[in-house]
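Accompanying notes for the structure given below.
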Amino acid sequence: MTAHCPYLAPSLHAGLTRWTVYRADGGAEAVQAELFHAGVQAAEWLRPLLNRPHGILRCENIVLVGEVPGARHRDLLAWPHWVLKNLYGPVGVMFGKFYAGEEEATAAGHRIPAAPASFLPVRAAVRRRDPRFLCATPYLAAALAAADDDGRDVFEHIPTEWKEIRTWARHLLPPAKPSPS
């Protein structure tokens, strides 16, 4: 992975990459709520550290292990990832997602090795590079490019319970792509 992320090797070398492992316990909604909560904790832990020396190298990875009957890890990570990147992108915190065993490709078509576990990386946004990862959501790309952490409470104008947060986040979904038929 260090070949694809210029910040990962220095982060690992400096001991600034952390891993927190969560075992799926309960139904899909309970696991999603816990992953969301873990993402909030990681983002709030990172926010005051991002403007300190080596802040750009800090990364917290939220790993999901275990299974929920009838739900893939892709499904379990989707909503927490979506809500978290909408809440924290405007303050300069970037959320990613990787699924165990799934190989990915860069925008240039280069192979990215399959992740050994499903996880949400939480890190400082790189304003000049990261917006390209958000091309399907131009408003998110623009918010991330102009991100400024002014200390705001990202929950100031939204509900605080997972079901209500998920309902709130539905209005942020990009329009469905037309069917190719």
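For segment 22-42, which residues satisfy the criterion of being surrounded by 15 or more Cβ atoms within 10 Å (Cβ to Cβ), among the small types (Gly, Ala, Ser) and within 10 Å of residue 68 (Cβ to Cβ)?
Within segment 22-42, 24, 28 meet the criteria.
Counted as qualifying within segment 1-100 are the strands (runs of 3 or more DSSP E) with 2 or more residues that are under 26 Å from residue 171 (Cα atoms), namely 93-95. Taken together, the criteria place residue 162 among residues that are within 20 Å of residue 44 (Cβ to Cβ), open to solvent by less than 30 Å² (accessible area, probe 1.4 Å) and among the aromatic types (Phe, Trp, Tyr). Pairs are defined by a Cβ separation below 7 Å, a sequence spacing of at least 6 or placement on different chains, a first member in segment 17-42 that is basic (Lys, Arg), and a second member that is surrounded by fewer than 16 Cβ atoms within 10 Å (Cβ to Cβ); the pairs so defined are 23/65; 23/66.
Please name all residue pairs, on different chains or six or more residues apart, with Cβ atoms under 6 Å, provided the first residue is in segment 138-166 and is more than 14 Å from residue 87 (Cβ to Cβ) and the second residue is at pLDDT below 95. From segment 138-166, the pairs are 141/131; 141/134; 145/127; 145/131. Is it true that some residue in segment 131-139 is open to solvent by 40 Å² or more (accessible area, probe 1.4 Å) and of a type in the set (Val, Ile, Thr)? No; the residues of segment 131-139 include none that is open to solvent by 40 Å² or more (accessible area, probe 1.4 Å) and of a type in the set (Val, Ile, Thr).
Annotation: of all residues in segment 86-126 being open to solvent by 10 Å² or more (accessible area, probe 1.4 Å), modelled with pLDDT of 90 or more and of a type in the set (Phe, Trp, Tyr), the one that is nearest to residue 157 (Cα to Cα) is 119. If you check 45, 19, which single one turns out to be of a type in the set (Phe, Trp, Tyr) and loosely packed, with under 13 Cβ neighbours inside 10 Å? Testing whether each residue is of a type in the set (Phe, Trp, Tyr) and loosely packed, with under 13 Cβ neighbours inside 10 Å leaves just 19.
The values are calculated or read from the model by the stated rules, or taken from the named source; none is laboratory data. Everything numeric here is computed off the predicted structure, so don't read it as measured data. Every residue, glycine as well, gets a Cβ built from its backbone with ideal geometry; the counts of neighbours run over all protein chains shown. Heavy atoms of the whole protein, side chains included, go into the accessibility calculation; ligands, DNA and RNA do not. Shrake-Rupley method; radii C 1.70, N 1.55, O 1.52, S 1.80 Å.
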